[in-house]
Amino acid sequence: MLDDLLKFYTERFDFLYPLICEHLQISVIAIIIATLIGVSLGIFIHEKKRLSPIILGIVSFLYTIPSISMLGFLIPLSGIGNKSAIIALSIYALLPIIRSTYTGLENVDKDVIEAARGMGSTNRQILTRIKLPLAMPVIMSGFKNMTVMTIALAGIASFIGAGGLGVVIYRGITTNNITMTVAGSLAVALLAFLADILIGLLERYMMNRRANAKRKRAVLTAVAAVFLLFSTSLFYTPSHKKTVHIATKPMTEEFIIGEMMKLLIEDRTDIEVVMTKGVGGGTSNIHPAMVKGDFDIYPEYTGTSWSFVLKEKTIPNDQTLYQKLKKKYPKAYQLEWLGLYGFNNTYGLAVSKELAEKYQLKTYSDLATVSDKLSFGGEYDFYERDDGYDAMVKANDFHFQKTSDLDIGLKYDALKKGEVDVIIAFTTDGHLSDPNVVLLKDDHHFFQSYYAGTVIRSETMKKYPELKRVLKLLDGIISESEMAEMNHQVESEKKDERDVAQTFLIQKGLLEVNDHE
């Protein structure tokens, strides 16, 4: 494992470095915001003690909200990306800094304050020259805890399409790449550890009475300036006349398809592509962001659009479905379907080979007879879809003993370890090439077709009409077996999705070898 980690850090440094910087920038902005608000509120409730239980209660309540829920609440308000992540991190960082400020000020010796008043000091002078300096060790302790916590928690930001090292962790989980997951986790831990050490050194310097007061102020000013400069650079985007933003769901094949679109667009046009991979929640978060204009293009599935987005109940045949989507999407959302890639990645049910042999399982009908003895695992959104879990168990007469919510990148591990007996699978999953995994036959024909294709904003099409010609190159070029093989290369052979996408396009004659070696 150590050798794999060192190899990953050296070979993928160009991938890691920007994410490290972005992780720090997101964290630093949240820390600055939380410090300014938190210290101010700490002073306020110290002065207005009757309000302290109310304010501390509200902040404590916000702190108890799970991070995923907090991000979900913020998406409709502030959208996908860094903005929502910074707001969420700032909210979580408030409690430690408010408490430490309030506690530090409350613990200042009352005799010292009375002596200052007796010498004619004003309330403002007492606060700035006596209370805050004496409370500083407690405030710095809270600041240190807040900083370490914020850097560690920032990894969750990738769930909503924000940057940072969470991208590495989440992508590693999704593609079953343990080395990538561990590498990202260690990088986050190292950043938090270094921040703890640096703040400790700064704290000791500032508390050193021998140090010159003017020099202390200069050091603090310099640190603050570096923090502000570093954090504001997150919002600087180099001017580029033509830019489109591609988003993908947290699925290996969408990572690969996203890379294909990026390669073709940048190869055949002068448009720059920004890509956000693995947006948590998939369609439920990407679709609203597309309508809002946060994203321009993403790979989607016909069945998902029809049943989950449009909420249609009656399912037409495959060709009719696509034509209806092409008509309904522009009218309803100002989005357009722009071709299908050729493969149908529908749902399926998979079990371990051992379980299949034990109960002689080949079809969904076979599974129904023993389902009350088995457990089921699937992605979070599958339980909420109209064509998901509830409809599936009703149509197939399943009675599973229990269900589990599993991340898309963990469900096959859970199946192999026996933590669940049955999982919802995609028919192009690379893991299905494993002889120890058995895909059951849908003899009731419950699951509809899910042909993959490109969805693009109508406004983006009008702005960059050349995109239609380029993206149509992907029409009908990928079969189920080809997609499954590419997924297998990324998930099992640990190849980079960009390399896999590039090789495929070269083989299809859509990219020149010399231009992309």
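The values are calculated or read from the model by the stated rules, or taken from the named source; none is laboratory data. Just so it is clear, the model here is predicted, and its values are computed rather than measured. All Cβ positions, even for glycine, are placed from backbone atoms using ideal geometry, and neighbour counts span all protein chains on display.
Structure values in brief
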| item | result |
| --- | --- |
| Inter-residue pairs, beta-carbon under 6 Å, first under 14 Å from MET260 (Cα atoms) and in the stretch 464-475, second aromatic (Phe, Trp, Tyr), 6+ apart | LEU474/TYR341 |
| Some residue of the stretch 484-497 being more than 22 Å from GLY172 (Cβ to Cβ) and without any contact (Cβ under 8 Å) to a residue 40 or more places away in the chain | no |
| Residue pairs meeting the criteria (Cβ under 6 Å; at least 6 apart or on separate chains; first within 20 Å of ILE178 (Cβ to Cβ), in the stretch 410-439; second of a type in the set (Lys, Arg)) | ILE423/LYS411; ASN436/LYS353 |
| Residues (modelled with pLDDT under 90 and hydrophobic (A, V, I, L, M, F, W, C)) located in the stretch 294-331 | PHE308, ILE315 |
| Residue, surrounded by the fewest Cβ atoms within 10 Å (Cβ to Cβ), within the stretch 349-384, restricted to residues that are assigned to a strand (DSSP E or B) and either under 26 Å from the mean Cα position of the chain (by Cα) or of a type in the set (Phe, Trp, Tyr) (or both) | GLY377 |
| Residue match in the stretch 69-92 (condition: more than 20 Å from the chain's Cα centre (by Cα) and farther than 16 Å from LEU153 by Cα) | no |
| Residue in the stretch 270-293 that is modelled with the lowest pLDDT, counting only those that are over 24 Å from SER449 (Cβ atoms) and buried (at least 21 other Cβ atoms within 10 Å of the Cβ) | GLY280 |
| So GLN360, is it touching a Lys or Arg at 6+ places or on another chain (Cβ under 9 Å) and not assigned by TED's automatic domain parsing to the domain that holds GLU482 | no |
| Residue that is farthest from the chain's Cα centre (by Cα), among those in the stretch 127-179 that are surrounded by fewer than 21 Cβ atoms within 10 Å (Cβ to Cβ), modelled with pLDDT of 85 or more and closer than 29 Å to ASN285 by Cβ | VAL148 |
| Any pair with Cβ under 7 angstrom, 6 or more apart, that starts in the stretch 349-364 at a residue that is at negative phi and ends at one that is of a type in the set (Phe, Trp, Tyr) and crowded, with 22+ Cβ neighbours inside 10 Å | LEU349/TYR364 |
| Cβ-Cβ under 9 Å pairs, at least 6 apart or on other chains, the stretch 378-406 side under 20 Å from LEU310 (Cβ atoms), far side assigned to a helix (DSSP H, G or I) and among the aliphatic types (A, V, I, L, M) | PHE382/MET392; ARG385/ALA391 |
| Residue match in the stretch 395-405 (condition: over 24 Å from PRO250 (Cα atoms) and part of a helix (DSSP H, G or I)) | yes |
| Selection status of LEU474, surrounded by 22 or more Cβ atoms within 10 Å (Cβ to Cβ), out of contact with any Pro (no Cβ under 8 Å at 6 or more places or on another chain) and modelled with pLDDT of 90 or more | yes |
| Some residue of the stretch 312-323 being outside the structural domain of VAL420 (by TED's automatic domain parsing), on the phi < 0 side of the Ramachandran plot and under 26 Å from the mean Cα position of the chain (by Cα) | no |
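This table checks each residue for (1) modelled with pLDDT under 70; (2) touching a Cys at 6+ places or on another chain (Cβ under 8 Å); (3) small (Gly, Ala, Ser).
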residue: VAL182; (1), (2), (3): no, no, no
residue: LEU186; (1), (2), (3): no, no, no
residue: LEU198; (1), (2), (3): no, no, no
residue: ARG209; (1), (2), (3): yes, no, no
residue: VAL226; (1), (2), (3): no, no, no
residue: THR232; (1), (2), (3): yes, no, no
residue: PHE235; (1), (2), (3): yes, no, no
residue: SER239; (1), (2), (3): yes, no, yes
residue: PRO250; (1), (2), (3): no, no, no
